[in-house]
Amino acid sequence: MNIAEYKGVFVFAQQVDNELSGIALELVGKGKELAKDLGTEVTAVLVGSGVKALADELAAYGADKVILVDDPELKEYRTEPYTHALASVIEKYKPEIFLVGATAIGRDLGPRVSARVHTGLTADCTRLEIGDFPINPIPGREQLHNQLLMTRPAFGGNTIATIACPEFRPQMATVRPGVMQKARKDENAKAVIEEFNPGFTPNNNYVEILDIVKAVAETEDIMDAKILVSGGRGVCSAENFKMLEDLADVLGATVSCSRAAVDSGWKPKDLQVGQTGKTVRPNLYFAIGISGAIQHLAGMEESDVIIAINKDETAPIFDVADYGIVGDLNKIVPALTERLKAE
Ligand code: FAD
């Protein structure tokens, strides 16, 4: 592999039902920053059937170029044709960096593609930057410049590992949704659109989709919420979450929770914030009866304003909170709700 041949930052622009996923725009935003540091361009790879119209949105969020792989075989996500599409794009265009969202689709697709093109992949990254590798010079070992430094939590969040892939290209990562920032939208921005046909053979034995049953969400996705009222083990029961729901109603907020609340069966997993849940970045985050374990903080510490309610004044959540209330949540939460109702 001649790694000098590999140029440019490519991102997989995930779409579902011909709508771009949030992660697609987050990756374009991050890709643009990395491309700037490398003096190159960011290219979005748009894969699907009848998805050409989405290229304009990718351009508006900063893509310099869109490679469009449009084929009826790609209507719904299936591992084999999508792997073939992305691996073919990599083999033809030879990108230096290739990013995929760490969504259910990306976690399936990213490792397959990296294996197909014989490179490495760092999964579930929470930080990406261009830098030197090894980060600290080691006597007798060459320090390589302009490497993609991929950072992710490891050992259950107890350590943060920064990983590089100096000998293979592209440098591939899956990136945790909600962590990277979208770029500001510019409706007038235009991207070069290039259509690419990887060629699909008939009678290919791909998995056949017989039916799709969509999950019906009862509440707003916590990743989209502007205000989150989050409860932990201190809430003590599923019934007690009613208190948090009442507060959320007054604030126009959405209820979320810690893993302890999910493990106790009080709330469903899709409301879990944290390392093995979702990463959220609301304007306002209430942490109620949540101690502030590192795995929980990993999912919410980027919130604009954090208010913690906890009876233990030494709870680590107070280290990241902008405002803290020490006391029993059973008294404080209803009182706060009543006060807000009265305003
Ligand atoms: P606790 O740590 O038990 O804290 C409860 C808090 O409630 C305490 O601080 C207590 O003082 C307070 N409290 C109790 N009663 C009251 C009251 N009446 N009034 C006020 N305060 C009260 N956790 C996550 O949240 N998200 C994750 O994604 C996640 N991923 C993980 C991944 C791995 C690999 C591992 C090992 C762990 C993970 N965890 C995750 C678990 C994490 O380590 C903690 O165990 C968990 O976050 C604790 O949840 P909690 O704060 O609700 O409970």
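Percent of alpha carbon pairs in region 22-77 separated by more than 19 Å? Within region 22-77, distances greater than 19 Å cover 30 percent of Cα pairs. Within the listed set 40, 314, 162, the Gaussian network model of the chain (springs between alpha-carbon atoms below 10 Å) gives the highest mean-square fluctuation for 314. Add +1 for every Lys or Arg and -1 for every Asp or Glu among the other residues with Cβ under 14 Å from the Cβ of residue 320, and state the total. So the surrounding residues net to -4.
Is the shape of region 182-234 best called rounded, prolate or oblate, per the rule: a/c under 1.5 gives rounded, else a/b larger than b/c gives prolate, else oblate, with a ≥ b ≥ c the square roots of the Cα gyration tensor eigenvalues? It is oblate, given that a/c is not under 1.5 and a/b is not larger than b/c.
What is the gain in length, in nm to one decimal, between residue 151 and residue 53 on full extension, counting 0.36 nm per residue of separation less the C-alpha to C-alpha distance?
Extending this stretch completely gives an extra 31.9 nm.
Taking 301, 142, 187 in turn, the Gaussian network model of the chain (Cα-Cα springs below 10 Å) assigns the largest fluctuation to 142.
Calculated [222 nm] ellipticity per residue, helices only, for the chain: -8000 deg cm²/dmol; basis is -39500 (n - 2.57) per DSSP H run with n ≥ 4, divided by all residues, nearest 500. The local environment of residue 201, defined by Cβ-Cβ distances under 14 Å, has a net charge of -3 under the rule Lys, Arg +1 and Asp, Glu -1. How big, on average over all directions, is the shadow cast by the Cα convex hull of region 30-164, in nm²? For the Cα atoms of region 30-164, the hull's average projected area reads 9.6 nm².
Residue ranges 199-206, 252-259 sort as 252-259, 199-206 when ordered by packing (mean number of other C-beta atoms within 10 Å per residue, highest first). Each Lys or Arg adds one and each Asp or Glu takes one away; over the other residues whose Cβ falls under 11 Å from the Cβ of residue 55, this sums to -2. By the Kirkwood approach, averaging reciprocal distances over each pair of separate Cα atoms, the chain gets a hydrodynamic radius of 21.8 Å.
Straight-distance candidates among the lysines for linking to residue 182, with alpha-carbon spacing under 20 Å and chain neighbours fewer than 8 residues away dropped: 30, 32, 36, 65, 190, 226, 278. For region 102-142, the normalised intensity computed at q = 0.18, 0.24, 0.27 Å⁻¹ comes to -0.70, -0.87, -0.93 (log10 of I(q)/I(0), Debye sum over alpha carbons, equal scatterers, no solvent).
Please work out how much length the chain gains when fully extended from residue 18 to residue 115, using 0.36 nm per residue of separation minus the C-alpha to C-alpha distance, in nm with one decimal.
Here the answer is 32.2 nm.
Computed from Cα positions, the angle between helix 241-251 and the longest principal axis of the chain comes to roughly 80 degrees.
Find the Rg to Rh ratio for region 120-272, where Rh is the Kirkwood radius over alpha-carbon pairs and Rg uses the same atoms.
1.09
With a ≥ b ≥ c the root eigenvalues of the C-alpha gyration tensor of region 217-343, is it rounded (a/c under 1.5), prolate (a/b larger than b/c) or oblate? Since a/c stays below 1.5, the shape of region 217-343 is classed as rounded.
Compared with the dominant principal axis of the Cα atoms in the chain, helix 104-116 is inclined by about 30°. Cα gyration tensor of region 204-250, axes a ≥ b ≥ c as square roots of the eigenvalues: rounded (a/c below 1.5), prolate (a/b > b/c) or oblate? It comes out prolate by the Cα gyration axes. Once R0 is set to 51 Å, what does the formula 1/(1 + (r/R0)^6) return for the Cβ-Cβ distance between residue 168 and residue 314, expressed as a FRET efficiency to the nearest 0.05? Taking R0 as 51 Å, the efficiency between residue 168 and residue 314 is 0.65.
The mean of 1/r over all pairs of different alpha-carbon atoms in region 1-48, once inverted, gives a Kirkwood hydrodynamic radius of 11.5 Å. Taking all Cα pairs closer than 8 Å and separated by 6 or more residues, the relative contact order of region 156-296 comes to 28 percent. Length available on full extension from residue 194 to residue 209: 0.36 nm per residue minus the Cα-Cα distance, which gives 2.5 nm.
No value in this document is a laboratory result; all are computed from the given coordinates. It should be emphasised that the depicted structure is a prediction, and the values quoted were computed from it without experimental measurement. Neighbour counts run over all protein chains shown; Cβ positions are idealised from the backbone, glycine included.
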